[in-house]
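Have a look at the structure below, then the notes.
The values are calculated or read from the model by the stated rules, or taken from the named source; none is laboratory data. Small disclaimer: the values here were computed from a predicted structure and weren't measured. Reconstructed Cβ throughout: ideal geometry from the backbone, glycine too, with neighbour counts over all protein chains shown. Heads up: the accessible areas ignore ligands, DNA and RNA and are worked out on the full protein's heavy atoms, side chains in. Shrake-Rupley method; radii C 1.70, N 1.55, O 1.52, S 1.80 Å.
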Amino acid sequence: MERIYLGIDPGKNGGIAFIDEYNNELSTVPYSDDELVKTCFYAVEYDCICCLEKVGAMPGQGVVSMFNFGKSYGYIKGVLEAFGIPYQEISPQKWKKEFGLNSDKAASVEVCRRLFPDVN
């Protein structure tokens, strides 16, 4: 069975990406609850592994926004578990360290463009 790798950035402007084990097919979509469910329906047909960005509260966030973010993060984990998709939570600090990145979002985007030049 072919393996696909699923990556989820759960932030407000987050996204969902998946790629097959041969780097032949890459798909990216902006995160939404509907897109998450559609992607999981697709992913269960394959041997799928998911990396979920483990993010937390940011300084200055209000109580309501932190609560809503936590609710959304729990929803993502629940959907993955309901579909039986194994996942690993990985902090932004850890994955960025692997690429020699810091908090500069533009640098992260540039690394992605180099790795996946055909993806906007």
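Per 0.36 nm of contour for each residue apart, how much would the distance between Ser65 and Cys112 grow if the chain were fully extended, relative to their Cα-Cα spacing? Please report the intermediate quantities before stating the final value.
On the way: separation 47, 0.36 × 47 = 16.92 nm, distance 2.84 nm.
Computed gain between Ser65 and Cys112 is 14.1 nm.
With a 1.4 Å probe and all protein chains kept in place, how do Asp104, Asp20 rank by accessible area, largest first?
Details: Asp104 75, Asp20 15 Å².
Highest to lowest solvent-accessible surface, that is Asp104, Asp20.
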At 1.4 Å probe size, with no ligands or nucleic acids counted, give the accessible surface of Glu45 in Å², nearest ten. 130
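As a quick test, which of the pairs Lys12/Lys77; Lys71/Lys97; Lys71/Lys94; Lys12/Lys105; Lys54/Lys77; Lys71/Lys96 have an alpha carbon distance above 19 angstrom in this structure?
Values: Lys12/Lys77 16 Å; Lys71/Lys97 28 Å; Lys71/Lys94 23 Å; Lys12/Lys105 15 Å; Lys54/Lys77 11 Å; Lys71/Lys96 25 Å.
Violating the 19 Å Cα-Cα cut-off are Lys71/Lys97; Lys71/Lys94; Lys71/Lys96.
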In Å, the C-alpha Rg and Dmax of the chain are 14.7, 46
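I need the helices of the chain that pass two filters: whole DSSP H segments spanning 24 Å or more by Cα along the axis, and mean Kyte-Doolittle score no lower than -1.0.
Long hydrophobic helices here: 63-82.
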Unit charges on C-beta of K, R, D, E only; dipole of region 1-49, Debye: 180
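Dipole magnitude of the chain about its Cα centre, charges +1 at Lys/Arg Cβ and -1 at Asp/Glu Cβ only, in debye to the nearest 20? Don't skip to the end; give the middle numbers.
Working: 12 positive and 17 negative charges, 125 e Å.
It comes to approximately 600 debye.
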For the chain, with the dipole built from +1 on Lys and Arg beta-carbon atoms and -1 on Asp and Glu ones, taken about the Cα centre, which of Val29, Met66, Ile8 lies farthest toward the positive end? Met66
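Taking 0.36 nm per intervening residue step and subtracting the Cα-Cα distance, what contour gain separates Val29 from Phe99 on full extension?
Details: separation 70, 0.36 × 70 = 25.20 nm, distance 2.27 nm.
Stretched out fully, the Val29 to Phe99 stretch lengthens by 22.9 nm.
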